[in-house]
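Undergrad: I'd like to ask some things about the structure below.
Quick note: the coordinates plus some simple rules give every number you see, no bench work behind them. Given the structure is predicted, the values throughout are model-derived calculations rather than measurements. We place every Cβ from the backbone using ideal geometry, glycine too, and count neighbours over all the protein chains shown.
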Amino acid sequence: MKSTKQIELGYGVPDGLYVPKVAQSNVNCTINKPYIIYQKDFDFFKSNIRKWCTKINSSMSHVYKHADLVIGNGSTHIYTVLIRGLYNLLKRPIRLFLEQPYWFVAQVLKKEDPQIKYITDPNADIDLEIRCTPNNPDGTEYIEPRTNAKYLLYDFAYNMTIYTDKPVTINQKKNKTYIYTGTVSKIGVPSSRFGWGFVDGPHSSELAKFMQTEVIITVGGGNVAWYSANNYLNYLLNNEKHFKKLMSTNNTILNNNKKIMMKALEPYKFISIEKPSDHKGGYLWVKTSKNSNLANWFLNKFNVVVKNGKSFGANQQLVRINMMAKTSDIREVARRMRKKFTIKKKIKFNKTRKSK
Ligand SMILES: Cc1ncc(COP(=O)(O)O)c(C=O)c1O
C-alpha cells in the first residue's frame, strides 16, 4: 500500500474549490522582515466586508451595517483576540462553554490558557458560549444557545450557500452580546489569512476596542494576502455573474465530491455517515461501529490521511474527511476503497468455494 501516493483529506483547506484568476494575482509588493500592522490599517477593508457579509446572508444585514467590526489575520485570530478582549473587559478568566466534541476551536484555544476556564455544565455560570453551524456531525444546527452566557460567538466560517442549504439567522436578545466571525479562507482565496468579527450588543464597542488593541505582526507577504483578498472581494461584489459562478461552481464541486465519497463508503457497513454533514458543509463526518481507530484504518488500508475525531474532543471512532479537496484526489480514494473491497470479496468467495 505504501507504494501509493499518500492523499491528504485531513486539513480543512478548500484546495479543490474553484478560484477565479483574480484571486491568484497578488499585489506587487513583498515584505521580508517582521512588519507591524495596526487595526486602523485595515479600515479600507471594512466596507467590502460589510457588503460581502450582507450578500451571503442578507437576513442579518441590519447587524452587518451597524455592528463594530474587528479585522484579523484569519478568523482564528479573531477567536484569540476575543478571549484577550473579554479577559480585559471582565478582569477575570473567561468561563467558556463550547459544545463538545468536534469543533475546530478545540485546536485553536489552548486548554491550559490561564485566561480561559472551561465549563462543561451548560447550567453553570457561563460568560462565553461558542456555536458553529453547519459543520457538525451530530445533526444539530447549533443556532440556539445552550447556556445563559452573556456573550455568544457564532462561527460563520461556512455560512454561505455553498456550505448551507439555508441562511442562518440569529434572533438577537437585547441583553446579550453577539460576535459573528467570518473568513475568506473558506471561499478558496489561496494563501490569504484574513478574517473578521462583528461585535453587537451591550458593551460591544468596549469589547471591540479591547479586541482591537492587538496589533498584528506579520513576516513576509502577509499583508499582500490581505490586499489580494480585498481585490477578490471587489471582483465578487462588483459583478453578479462572478459571484453566481463562484457559488454555483463550488456547490457543484462539493456535492459531487460527497457523492463519490459516500458511494465509496457504502459497502463498508461498519462505517456510517453522520448527519447533517451528508447534506451540508465542507466535510463528511464518518463514524465506525467498531471500537477502533478509524483514522488509522484509513491510513493503513488506503494511505489516506483524515482527521481523527480525537483532535476535536470526540473519540477515535469518528473522523472528518475534507470534501473541499480536489475531486481527482477523492476519486482516487474511492478507487482504492472499491479495489480493496473487491479483493476482499474475492478472497471470501474463494475460501467458501474451497471449503465446499
Ligand atoms: C469552523 C471554522 N472556523 C474557522 C476556521 C479558520 O478560519 P481562518 O482560516 O480564517 O483562520 C476554520 C478552519 O478550518 C474552521 O473550520
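Undergrad: Sorted by average packing, counted as other Cβ atoms within 10 angstrom per residue and highest first, what order do 42-50, 176-184 take?
TA: Those peptides, ordered most packed to least, come out 176-184, 42-50.
Undergrad: Given R₀ = 35 Å, what would the calculated FRET efficiency be for Thr161 paired with Ser205, taking r from the Cβ atoms and rounding to 0.05?
TA: 0.65
Undergrad: Using the Karplus curve 6.51 cos²θ - 1.76 cosθ + 1.60 with θ = phi - 60°, what ³J(HN,Hα) values do you get for each residue of the range 232-237, in whole Hz, with x for Gly and Pro?
TA: 5, 4, 4, 4, 6, 7
Undergrad: To continue, here is another question. Give me D for the range 44-169 in µm² s⁻¹, whole number, from Stokes-Einstein with Rh from the Kirkwood sum over alpha-carbon pairs, 20 °C and 1.002 mPa s.
TA: Taking Rh from Cα pairs, D becomes 136 µm²/s.
Undergrad: Taking 0.36 nm per intervening residue step and subtracting the Cα-Cα distance, what contour gain separates Thr4 from Lys111 on full extension?
TA: Here the answer is 34.8 nm.
Undergrad: Calculate, in nm to one decimal, what Leu237 and Met262 gain on full extension: separation in residues at 0.36 nm each, minus their alpha carbon distance.
TA: Length gained between Leu237 and Met262: 5.6 nm.
Undergrad: Set the bar at 28 Å for Cα to Cα. Now go through Lys176/Lys209; Lys55/Lys176; Lys40/Lys166; Lys5/Lys344 and name every pair that lies beyond it.
TA: Table pairs above 28 Å Cα-Cα are Lys40/Lys166.
Undergrad: Based on the Cβ-Cβ distance of Lys46 and Tyr118, what FRET efficiency does E = 1/(1 + (r/R0)^6) give at R0 = 35 Å, to the nearest 0.05?
TA: Given R0 = 35 Å and the Cβ-Cβ separation, E is 0.60.
Undergrad: A follow-up question, please. Mind checking the full-extension length gain between Lys176 and Ile343? Use 0.36 nm per residue of separation minus the Cα-Cα distance, one decimal, nm.
TA: Taking 0.36 nm per residue and subtracting the Cα distance, the gain is 54.3 nm.
Undergrad: First measure r as the distance between the Cβ atoms of Ser248 and His62, then evaluate 1/(1 + (r/R0)^6) with R0 = 22 Å and state the FRET efficiency to the nearest 0.05.
TA: Computed FRET efficiency for Ser248 and His62: 0.20.
Undergrad: Per-residue ellipticity at 222 nm for the chain, helices alone: DSSP H runs ≥ 4 residues times -39500 (n - 2.57), over residue total, nearest 500 deg cm²/dmol?
TA: Result for the chain, helices only: -12000 deg cm²/dmol.
Undergrad: Which ³J(HN,Hα) values, rounded to whole Hz and listed in residue order, are derived for the range 294-310 from phi using the Karplus coefficients 6.51, -1.76 and 1.60 in 6.51 cos²θ - 1.76 cosθ + 1.60 with θ = phi - 60°, glycine and proline given as x?
TA: The phi angles translate into 5, 5, 5, 4, 4, 5, 6, 7, 10, 6, 10, 8, 10, 7, 6, x, 4 Hz.
Undergrad: Show the residues, 5+ positions off or on another chain, whose built amide H is closer than 5 Å to the amide H of Lys117.
TA: Residues meeting the criterion, in which the H sits 1.01 Å from N, are Ile94, Arg95, Leu96.
Undergrad: Hey, could you pull the Cα Rg and Dmax for the chain, both in Å?
TA: For the chain, the Cα radius of gyration and maximum Cα-Cα distance read 21.9, 79 Å.
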